[in-house]
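The values are calculated or read from the model by the stated rules, or taken from the named source; none is laboratory data. Note that the coordinates shown come from a computational prediction; the quantities given were computed from them, not determined experimentally. Don't worry about glycine lacking a Cβ; one is built from the backbone with ideal geometry, like all the others, and counts go over all protein chains shown. Surface accessibility is based on the protein's heavy atoms, side chains included, excluding ligands, DNA and RNA. Shrake-Rupley method; radii C 1.70, N 1.55, O 1.52, S 1.80 Å.
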Amino acid sequence: KAGVTQTPRYLIKTRGQQVTLSCSPISGHRSVSWYQQTPGQGLQFLFEYFSETQRNKGNFPGRFSGRQFSNSRSEMNVSTLELGDSALYLCASSVEREFSYEQYFGPGTRLTVT
Amino acid sequence: AQKITQTQPGMFVQEKEAVTLDCTYDTSDQSYGLFWYKQPSSGEMIFLIYQGSYDEQNATEGRYSLNFQKARKSANLVISASQLGDSAMYFCAMREAVGNTGNQFYFGTGTSLTVIP
């Protein structure tokens, strides 16, 4: 079974621009979560989607948004980029089973804002 | 207060020995879950093990086991028979339920494990 895929893997953008990142979950997984990882703040939860609905959102400004499509693929958008948005953005797909919860991460998108 | 606390920034272990990575958590929820992940220098996050709050038995996955002490709010990861390939950053994380269906996830700051030959 193929793992979680994220595109692009690397991205360089200029301050003020916007960016869209894509995530394809593991086949059969309907839940997708996004995270931001930086050396200073560590791993922080951005949002969670399930069946095209945002179920929860972390403490990030409105410039960070996302959506999920009917095939469970998800996109994350950051508008008006700031230097502090430079980070590794990780997507994870999850499945909740009767006695377990499994969450698998993609390789991440490394975003650099100049 | 920190939701997840990992007090060991760095740990060293001799190859083939066991090592325990500490994790304490803070929640007032009755239903929650605890994870451990491994992040090698390549950057990928690898899911290791999960423990639900209602599970009475400690979770185990191969050489990994989670020492779950609910009253102490601790969820330590035990790696038995360490291998050189275990050298990586290890993150403890928690899932809390939000509303009826949502989840909130919290991660610790990580412990860097180095396995010495």
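Which of the GluC sites (Glu not before Pro) across segment B:19-107 are loop residues per DSSP, with 14 or fewer other Cβ within 10 Å?
Those satisfying the criteria are B:Glu56.
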Counting only protein heavy atoms and leaving out ligands, DNA and RNA, the solvent-accessible surface of B:Phe47 at a 1.4 Å probe, in Å² to the nearest 10, equals 40 Å²
Exceeding the 24 Å Cα-Cα cut-off - candidates B:Lys38/B:Lys73; A:Lys13/B:Lys38; A:Lys57/B:Lys70; B:Lys16/B:Lys38; B:Lys16/B:Lys73: A:Lys13/B:Lys38; A:Lys57/B:Lys70; B:Lys16/B:Lys73
With all protein chains present, how much of the accessible area of chain B (probe radius 1.4 Å) comes from carbon and sulfur, to the nearest whole percent? 48 percent
Exposure rank, largest accessible area first [A:Lys13, B:Lys38; 1.4 Å]: A:Lys13, B:Lys38
From most to least accessible, 1.4 Å probe, no ligand or DNA/RNA atoms counted, B:Val78, A:Val113 line up as B:Val78, A:Val113
Return the distance in nm (one decimal) between the two label points of a simple spin-label model at B:Tyr54 and A:Ser51, each offset 7 Å from Cα along Cα→Cβ. 2.0 nm
Suppose a student asked you for the relative contact order of segment B:49-117, using Cα pairs under 8 Å spaced at least 6 residues apart; what percent would you report? 23 percent
Placing +1 on each Lys and Arg Cβ and -1 on each Asp and Glu Cβ in chain B, then taking the dipole about the Cα centre, the residue among B:Ile49, B:Met94, B:Tyr25 whose Cα reaches farthest towards the positive end is B:Tyr25
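Could you size up the charge dipole of segment A:58-111 around its Cα centre, putting +1 on the beta carbon of Lys and Arg and -1 on that of Asp and Glu, and report it in debye to the nearest 20?
Once rounded to the nearest 20, the dipole reads 160 debye.
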Taking chain A and dividing mean pair separation by its residue count, relative contact order in percent (alpha carbons under 8 Å, at least six apart): 35 percent
Solvent exposure of chain B as accessible area per residue, Å², 1.4 Å probe: 49 Å²
Before we go on, tell me the buried accessible area for the B/A pair, both chains summed, 1.4 Å probe, in Å² to the nearest 100. 1600 Å²
Nothing charged except the Cβ atoms of Lys and Arg (+1) and of Asp and Glu (-1): what's the magnitude of the dipole of chain A about its Cα centre? Round to the nearest 20 debye. 240 debye
Chain B - charge dipole about Cα centre, Lys and Arg +1 at Cβ, Asp and Glu -1, debye rounded to 20: 120 debye
Can you give the extra length, in nm with one decimal, that the chain gains between B:Thr27 and B:Thr114 once fully stretched, where that is 0.36 nm per residue apart less the Cα-Cα distance? 28.3 nm
Choice from B:Thr24, B:Thr101, B:Thr60 with maximal GNM fluctuation in chain B (Cα, 10 Å cutoff): B:Thr101
